[in-house]
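> The structure that follows is given in the form of structure tokens.
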Amino acid sequence: MFGSFLAVQQAWRVVVASLMAALLVLGVQSFWLATVAERDHQALRERVGLSLESGLAKALWNYDEDTARAIISDGLRSNPIRVIEVRDADGAVFARVEGPTQVADLSLWQDYLGWLVRLEGEQTLDLTFSSTIDNRHHNVTVGQAQILYDKDHFLRMISDRLASQALGILFVVLVVALSTSAVFHWFVSRHIIRVSKDLSTVDPEDPAATILGVPWVHRRNEFGRMIDRLNRLLRQLARVQSELRRLATRDTLTNLPNRGLVLEMLDRAIDDARLEDTRCAVMFLDLDMFKHVNDSLGHGAGDDVLKEVGKRLGAELSGLGAVGRLGGDEFVVMIPEYDREEDLARLARRLIASVKRPVSLLGTLVHPSTCVGIACHPLDGSSAQALLRSADTALYAAKAGGPGQWAFFNRSMTEGALDRLRTEAKLRTAVEAEDLVLHYQPKLDLSTGRITGCEALVRWNSEGKMIPPGRFIPIAEETGLIYDIGLWVLREACQAHRRWMACLGEVTVAVNVSAQQLKEDRFLADFLSILGEFGIDPRHLELEVTESVIMSRIDVSSQLLGEIKAHGVRLSVDDFGTGYSSLAYLKKLPIDILKIDRAFVKDLPQDTSIPRMIISLADQLGLRTVAEGIESQAQLDWLRENGCQMAQGFLIGRPMPEADFVSFVPRYNTRVMPGNT
Ligand code: C2E
Ligand code: MG
Ligand code: MG
């Protein structure tokens, strides 16, 4: 309510203490005033005595009552006197005058003042008249004057003085007290309040995150040192806490995350995957026949094996994921992000292989082995617990296959990954085993109606089955095998071209080049060496590069493609229209041909917008256009009529083996067709 309680309490105490000090000062003051008053009163008595004595004596001598009364009245008027009574020598009242009586204010205060100030209220004056008889001076006592002073007048006077001084002192005290409080608040309590607020925001989970600021004015005093000590305490607390947390979250044997932390990390990975729309996975590992190690070599040796396995798993993962130990011989590997299931299968195989290396213990070689169960988020579970359970189930499936096996929770995933891995293994030997073949798809010159070129398309003859490139080129690209395959394709296409040169004449051959090939620094040298090796006229060779590949690394592509083009080889942008070409870059790139993607040819002649735009764009840039995927005469007619130069598609001819292509071209070129020139 008061903003800061401390400041109010502090102000209140300062005011009370100051008031008490003020009272003490006033007490002393009142004693001093009493002394002064007593002195003043004494002086008054002497003055009054002197002023009345001779006049009254004379009036009494002369028995002049009027004069006596006048003198008395005068005395009463100018002095705080209540009554003056004059008696003659016989004691009879000669004159008596009373002043106006003031009603005394008999309060405690008055009592106190009466006690404090000792005043002689009455005064008796002997009235002596000096007469000269026979030239001699005689002092004759003619009577007495009784004076009754107005003591209350003095008390009132002291009271007034005291009151005005008290008011002054109180005012000063209040002002000083309040300004002192304000200064203290500004200098001290405000900082205490701030420190207290900062302390209340300390996160118990992370105390070191709060750093209490030392006010500039307190840098070198006890207050500043106190804050420094508090900061040190917070840091110590954080250290102790992190140590406690480490003890609570780490497996004591391997120092790997324990079950609690594994679940926490997995939950975090799941949340991240959800947020970033990626996929995460978990692997459950269990050592095969670990019990034998414990039984035969003892638990100490068993512990050593577990420690070694933990280390090997961590080293093998090297940043791809994290490993934890659930207890016993069970380990968990968390993969926060992956692309394909076969990557996981490949990793599982690597983990199994790393565990399999022998461990030397007490002079004996131990051969550990493990099985791996794999579960993928979100398909196999949406929470850490569920995912772990699925991975555990998958582990049992793997164990059923014997030691050193892996399995996905989802059986079709296991089969899919196995299939991909087998394909990968076979593909590695495909080039040497001469299992790859090239088929050639004719390209028709729309202005002459003749086949003037072809595209070389690779096929894989795997155990008698022709596998289309769509199924193995992506694997070849992921594994890096594409580089050697690409060189083989180029070499094979050049060789074929040389073979058919004599019979087909100037038929160009187009070869597809993938991103991975272009990324390799050695590509240009290898490419030029193949050109030289087979002596192909570079004008008869065309490279097809997909639009997305060129655009993703525009700077590198344009330089490399520029060098290739400088050797006379033509460049074609494959699948044009499916990427996001910037027209500005397109103008700068050293390209010759735009290949309209099959997806746009498909809708011809109904939807002509994109092919029309590409043809016009190519025209503007001085490029040629090739349309691929032509399956109907209507498509072909539209393209011819609208200025497309070349056509490729099943309508003209499917990709075919070299022998078929060599016989196909002359047959096609010499056929008689209406409109064929
Ligand atoms: P691409 O370069 O766009 O090749 C054209 C694809 O369309 C070929 O499929 C061809 O058979 C198919 N095609 C041609 N005309 C028609 C048609 O009228 N209708 C339909 N539905 N399809 C048609 P293919 O041979 O399966 O090749 C697929 C892709 O594989 C190629 O697309 C190319 O990107 C890649 N590829 C093929 N051979 C190689 C190679 O030697 N190296 C590299 N890096 N990639 C290759
Ligand atoms: Mg192509
Ligand atoms: Mg294409």
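> Return yes or no: is V305 surrounded by 12 or more Cβ atoms within 10 Å (Cβ to Cβ) and either of a type in the set (G, A, S) or at pLDDT 95 or above (or both)?
no
> Just the residues that are under 24 Å from the mean Cα position of the chain (by Cα), loosely packed, with under 11 Cβ neighbours inside 10 Å and at pLDDT 85 or above, please, taken from segment 204-229.
The answer is none; no residue qualifies.
> Which of the following residues is without any contact (Cβ under 8 Å) to a residue 60 or more places away in the chain and surrounded by fewer than 16 Cβ atoms within 10 Å (Cβ to Cβ): D111, D152?
Within the list D111, D152, the selection yields D111.
> Continuing with this model, one more query. Could you list all residues from segment 267-294 that are farther than 16 Å from L387 by Cβ and of a type in the set (A, V, I, L, M)?
Within segment 267-294, L275, L287, M289, V293 qualify.
> Does segment 507-514 contain at least one residue that is modelled with pLDDT under 90, more than 16 Å from ligand 3 (Cβ to nearest atom) and buried (at least 18 other Cβ atoms within 10 Å of the Cβ)?
no
Here's the yes/no breakdown for (1) within 21 Å of I81 (Cα to Cα); (2) open to solvent by 80 Å² or more (accessible area, probe 1.4 Å):
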{"site": "G99", "(1), (2)": "yes, no"}
{"site": "D126", "(1), (2)": "yes, yes"}
{"site": "S131", "(1), (2)": "no, no"}
{"site": "G143", "(1), (2)": "yes, no"}
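> Suppose we keep only residues that are among the β-branched types (V, I, T) and within 22 Å of A647 (Cβ to Cβ) within segment 416-457. Which one would you say is farthest from ligand 2 (Cβ to nearest atom)?
Among residues in segment 416-457 that are among the β-branched types (V, I, T) and within 22 Å of A647 (Cβ to Cβ), the one farthest from ligand 2 (Cβ to nearest atom) is T448.
> Can you tell which of A34, A57, A70, A22 is open to solvent by 50 Å² or more (accessible area, probe 1.4 Å) and either closer than 16 Å to Q144 by Cβ or out of contact with any Phe, Trp or Tyr (no Cβ under 8 Å at 6 or more places or on another chain) (or both)?
Result of the check over A34, A57, A70, A22: A70.
> Which residue is most open to solvent (accessible area, probe 1.4 Å), if the candidates are limited to segment 74-94 and must be part of a helix (DSSP H, G or I) and within 17 Å of A57 (Cβ to Cβ)?
The residue in question is D74.
Yes or no, residue by residue, for (1) within 16 Å of ligand 1 (Cβ to nearest atom); (2) part of a loop (DSSP other than H, G, I, E, B); (3) under 55 Å from the mean Cα position of the chain (by Cα); (4) over 21 Å from A659 (Cα atoms):
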| site | (1), (2), (3), (4) |
| --- | --- |
| R389 | no, no, yes, yes |
| A398 | no, no, yes, yes |
| I475 | yes, no, yes, yes |
| V489 | yes, no, yes, no |
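> Starting from residues that are of a type in the set (A, V, I, L, M, F, W, C) and touching a helix residue (DSSP H, G or I) at 6+ places or on another chain (Cβ under 8 Å), keep the ones in segment 76-91 and report whichever is modelled with the lowest pLDDT.
Looking at residues that are of a type in the set (A, V, I, L, M, F, W, C) and touching a helix residue (DSSP H, G or I) at 6+ places or on another chain (Cβ under 8 Å), I get I81.
> If you scan segment 560-580, which residues turn out to be within 13 Å of ligand 1 (Cβ to nearest atom), in contact with a strand residue (DSSP E or B) (Cβ under 6 Å, 6 or more places away or on another chain) and in a loop (DSSP other than H, G, I, E, B)?
none
> Next question, about the same structure. Within segment 565-598, count every residue that is within 16 Å of ligand 2 (Cβ to nearest atom) and out of contact with any Gly (no Cβ under 6 Å at 6 or more places or on another chain).
Qualifying residue count for the region: 17.
> Anything in segment 436-470 that is modelled with pLDDT of 90 or more, assigned to a loop (DSSP other than H, G, I, E, B) and away from ligand 3 (no atom under 16 Å from the Cβ)? List them, or say none.
Listed by number, the residues that qualify are L446, S447, T448, G449.
> Also, I was wondering about something else. Quick check on segment 502-522: of everything there that is more than 20 Å from L457 (Cβ to Cβ) and assigned to a helix (DSSP H, G or I), which residue is nearest to ligand 2 (Cβ to nearest atom)?
Only one residue fits best here, namely K519.
For (1) farther than 20 Å from T479 by Cα; (2) in a helix (DSSP H, G or I), each residue gets a yes or a no:
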site	(1), (2)
A315	yes, yes
V332	yes, no
D343	no, yes
R346	no, yes
L351	no, yes
I374	yes, no
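> What pairs can you find where one residue is in segment 383-404 and under 15 Å from A348 (Cα atoms), the other is among the charged types (D, E, K, R) and part of a helix (DSSP H, G or I), and their Cβ atoms are less than 9 Å apart, with a gap of 6+ or different chains?
A397/R411; G404/K356
> Also, quick follow-up: Report yes if E455 is within 16 Å of ligand 1 (Cβ to nearest atom), out of contact with any Cys (no Cβ under 9 Å at 6 or more places or on another chain) and open to solvent by 40 Å² or more (accessible area, probe 1.4 Å), otherwise no.
Taking the combined requirement at face value, the residue does not satisfy it.
> Would you call R325 in a strand (DSSP E or B) and either of a type in the set (D, E, K, R) or at pLDDT 90 or above (or both)?
So R325 fits the description; yes.
> For the subset of segment 474-483 comprising residues that are of a type outside the set (S, T, Y) and either more than 16 Å from ligand 2 (Cβ to nearest atom) or crowded, with 19+ Cβ neighbours inside 10 Å (or both), which member is modelled with the lowest pLDDT?
E478
The values are calculated or read from the model by the stated rules, or taken from the named source; none is laboratory data. What you see is a predicted model; the values in this text were computed from it and never measured. Cβ sites come from the backbone with ideal geometry, for glycine too, and all protein chains shown count toward neighbours. The area values use the complete protein model at the heavy-atom level, side chains included, leaving out ligands, DNA and RNA. Shrake-Rupley method; radii C 1.70, N 1.55, O 1.52, S 1.80 Å.
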